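Colleague: Below: one structure in structure tokens.
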Amino acid sequence: MESDQTPDQTLTPHPTRKILCIEDEHFIAELYDRSLTKAGYDVDVMSDGLKALAAAQTDTYDIILLDLMVPNMTGIEILRALRDPNQTPSLRAKIIITTNLEQREDVRTDIEAQADGYLVKAEMTPHELADFVNTIE
């Protein structure tokens, strides 16, 4: 009966992958946390921009979901700090912008150039977010 001892690898597509979800809207943060945890990720949720930046700069995350509107520091400021080698010398995480804000085309183009992805929250369910995150290498 040794076959009963084999762990089921299909339940966790990326074991040990850590996600930092920077989101100040409690309801959305809770939905993302539940969906991503169910998909097998280790999720930390932070709503304060300054604290989230400090956490991101520890370089312990694989993926950062970054809302543009968070208290104490905007998502754009966080993104710039994470991409500035003087402020963040080492960052392996992929940064995915999550927003519902309409951006001027030039602003969105600038943000997209610095980020690894750009998602409009209103156009994506938490399950679709988890599916998207599964595609990130």
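Rule-based calculations on the coordinates, nothing more; no lab input. Because the structure is predicted, anything quoted here is derived from the model rather than measured. Glycine also receives a Cβ, built like all others from the backbone with ideal geometry; neighbour counts cover every protein chain displayed.
Colleague: Determine the distance separating the Cα centre of the stretch 100-134 from the Cα centre of the stretch 44-89; give it in Å without decimals.
Modeller: Between the Cα centres of the stretch 100-134 and the stretch 44-89 lies a distance of 16 Å.
Colleague: Right, here's the next one. Between Lys51 and Arg83, what is the label-point separation in nm under the 7 Å Cα-to-beta-carbon projection?
Modeller: 2.7
Colleague: Related question: Mind listing the phi-derived Karplus ³J(HN,Hα) values for the stretch 27-44, rounded to whole Hz, using 6.51, -1.76 and 1.60 with θ = phi - 60°, and x for any glycine or proline?
Modeller: 4, 5, 4, 5, 4, 5, 4, 4, 5, 6, 5, 4, 7, x, 9, 9, 10, 10
Colleague: Follow-up question, since we're still on this one. Excluding same-chain residues fewer than 8 positions from Lys94, which lysines have a Cα within less than 19 Å of its Cα?
Modeller: Lys18, Lys51, Lys121
Colleague: Pairs of alpha-carbon atoms within less than 8 angstrom and 6+ residues apart define the contacts here; what relative contact order does the chain have, in percent? Intermediate values should be presented prior to the final figure.
Modeller: Numbers: 202 pairs, mean separation 31.0, N = 137.
Relative contact order comes out at 23 percent.
Colleague: How long are the three semi-axes of the equivalent ellipsoid for the stretch 14-134, computed from the Cα gyration tensor as the root of 5 times each eigenvalue, in whole Å, largest first? List each step's numbers first, then the result.
Modeller: Working: eigenvalues 79, 60, 35 Å².
Value: 20, 17, 13 Å, ordered largest first.
Colleague: With n ≥ 4 as the cut-off for DSSP H runs, can you work out [θ] at 222 nm for the chain, using -39500 (n - 2.57) per run divided by the number of residues, rounded to the nearest 500? All intermediate terms of the calculation are to be shown ahead of the outcome.
Modeller: Details: 5 runs with 49 residues, N = 137.
It comes out at -10500 deg cm²/dmol, rounded to the nearest 500.
Colleague: A further question on this structure: Stretched out fully, how many nm does the piece from His127 to Thr74 gain, at 0.36 nm a residue minus the Cα gap? Spell out each step's value before the answer.
Modeller: Working: separation 53, 0.36 × 53 = 19.08 nm, distance 2.60 nm.
This chain segment gains 16.5 nm when fully extended.
Colleague: Once you have a ≥ b ≥ c as the square roots of the Cα gyration tensor eigenvalues for the stretch 18-65, tell me rounded if a/c is under 1.5, and otherwise prolate or oblate according to whether a/b is larger than b/c. Kindly include the intermediate steps, with their values, before the conclusion.
Modeller: Working: a/c = 3.25, a/b = 1.21, b/c = 2.69.
Cα axes put the stretch 18-65 in the oblate bin.
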